[in-house]
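Here is the structure we will look at, set down as structure tokens.
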Amino acid sequence: MRTLEEVQATLQIAKVKEEDLQPITYCLSFGESVSSGDYCLLELDDTLCKHIEGGKSLIIRGDKDEHAVLCTEEKTYDLKIADTSNLLLFVPGCKTPDQLPDSSTSQLMHAQIWGFSNSYWELRKQRPRLKKLKKLLMENPYDGPVVGIQEEAPGEKYTIDDLLERIQASREEIETQLQNVHACEIDGFWRILDFDYEMKLLGHVTQLVDSESWSFNKVPLTVCLEELGSLEPKAMIEHCLNCYGRCYTSEDGQVMFALDEDKVCRATAQLLLQNAVKFNLSEFQEVWQQSVPEGMSTRLDQLRGLALLDRSSKPETISLLRVEDLPEDTLERFNRLFSLREKWTQDDIEPYIQDLCGEKQTTGALLTKHARSSVQNGIKVYNSRRPVAI
């Protein structure tokens with residue numbers, strides 16, 4: 001163990017003035033079995049530090065074939081190893097100058113090094129990886145209650161805990177996505193509705209609205225459940241209303257729903273497009289308007305991120321292209337889009353890359369990074385910066 005005199009002698013040899021240093025000196029020594037592989041360092045920002053100090057957890061998620069991510073209850077972070085040229089020492093109990101007591105005399109304190117590392121885990125906030133969620137739920141979609149001796153369709157079913165184990169996202173992000181894909185909890189398992197069954201439920205609701213001459217903004221929950229409860233489970237009727245409407249309480253205390261015209265029209269368009277490779281645009285618009293409930297109006301802007309228009313073909317066409325069917329990875333997404341169409345206008349491509357934007361990032365910045373712009377017939381278009389395999 002070094003003495004204070006030995007430390008002072010070393011300072012003289014190094015020509016360092018003792019008065020320029022803190023009065024307390026730490027003398028470090030290695031423990032008997034110190035290894036760089038014993039510990040991992042994780043760099044946390046102020047928000048995550050407060051998260052840990054508040055007694056909350058940080059969870060690392062990912063299957064064996066996936067790159068690990070770290071999740072709080074609300075956010076998802078990418079984990080990357082960052083190397084450092086300086087050796088990082090783990091010294092429990094070692095105090096920083098602001099933690100040391102005031103002292104006018106020189107003192108020597110001893111501390112033992114428990115481990116060391118020349119790298120640490122760096123966290124970067126990232127988009128949750130949610131594509132896998134729908135893939136898992138589609139293994140066993142719900143198409144209505146089992147009737148009589150009919151057996152339930154085979155396939156895996158998942159609880160929220162199962163999904164938290166498999167999906168690389170925070171609990172809040174997973175729960176939000178479950179709402180986005182119109183999933184519901186049935187007997188403790190989260191199920192996604194078969195789309196044809198979902199449209200059957202919606203058809204029951206809109207037909208009742210029509211027969212009762214209700215306003216789309218004033219659909220009473222109680223009457224819906226009484227009238228349609230003999231056709232489908234009441235929980236499914238209410239779930240359908242929640243998916244395609246907004247719940248509120250009327251002045252007389254009734255639970256009411258206001259149906260969302262855009263959501264109903266969009267779902268109807270998907271039903272029409274899902275079995276056709278391409279559709280004549282003018283014919284589609286006519287059939288589409290005839291297929292939605294009377295009193296609702298269809299508009300092409302309702303189909304952003306759902307359908308792709310081809311204005312260059314004769315006649316003009318429309319085809320199904322859902323943003324959720326595209327790759328999650330940014331480079332793969334752009335490659336896929338440019339394999340479908342060589343040149344895109346910003347209005348056409350924007351719905352298919354909006355979800356790729358990080359915090360404070362715009363679609364324009366994404367296009368600048370991953371695409372090359374040019375002007376064609378007076379219109380700005382974007383094409384790939386690299387050769388695309390078709």
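The values are calculated or read from the model by the stated rules, or taken from the named source; none is laboratory data. All figures in this text were calculated on a predicted structure; none of them were measured in a lab. Note that each Cβ is placed from the backbone with ideal geometry, even for glycine, and that neighbours are counted across all protein chains shown. These area figures cover heavy atoms from the full protein model, side chains too; ligands, DNA and RNA do not enter into them. Shrake-Rupley method; radii C 1.70, N 1.55, O 1.52, S 1.80 Å.
Distance between the modelled labels on Val146 and Ile24, one decimal in nanometres: 6.9 nm (7 Å Cα→Cβ projection). Bridgeable lysines around Lys314 (alpha carbons under 29 Å apart, same-chain partners fewer than 8 residues away excluded): Lys278, Lys343, Lys380.
Given the peptides 7-17, 259-269, arrange them by the average over their residues of other C-beta atoms within 10 Å, most packed first.
The most tightly packed comes first, giving 259-269, 7-17.
Bridging of Lys200 to lysines at a Cα separation below 22 Å is possible for Lys134, Lys218, Lys234, Lys263, once same-chain residues fewer than 8 apart are set aside.
Taking only protein heavy atoms into account and a 1.4 Å probe, give the accessible area per residue of segment 305-390 in Å².
Values: 4980 Å² over 86 residues.
On a per-residue basis, segment 305-390 sits at 58 Å².
Just the protein heavy atoms count here, and of the accessible area of the chain at 1.4 Å, carbon and sulfur take up 48 percent. Each Lys and Arg contributes +1 and each Asp and Glu -1, all at the Cβ; summed about the Cα centre of segment 106-187, the dipole is approximately 720 debye.
Packing around the peptides 41-49, 193-201, taken as the average count of other Cβ atoms within 10 Å per residue, puts them in this order, highest first: 193-201, 41-49. Of the residues Met109, Met256, Met296, the one that moves most in a GNM of the chain with alpha-carbon contacts below 10 Å is Met109.
Here the calculated FRET efficiency for Arg311 and Glu172, from their Cβ-Cβ distance with R0 = 41 Å, stands at 0.55, rounded to the nearest 0.05. Modelled this way, with points 7 Å down the Cα-to-C-beta line, the labels at Lys125 and Lys360 are 1.0 nm from one another. Ordered by 1.4 Å accessible area with all protein chains kept, Glu232, Glu66 run largest first as Glu66, Glu232. Within the straight-line cut-off of under 26 Å between alpha carbons, the lysines reachable from Lys50 are Lys75, Lys80, Lys95, Lys125, Lys360, sequence neighbours fewer than 8 places apart in one chain being disregarded.
Extending 7 Å from the Cα toward the beta-carbon at both Asp347 and Glu226 defines two label points whose distance is 4.8 nm.
Using 0.36 nm per residue and subtracting the Cα-Cα separation, the extra length available between Leu340 and Ser104 on full extension is 77.5 nm.
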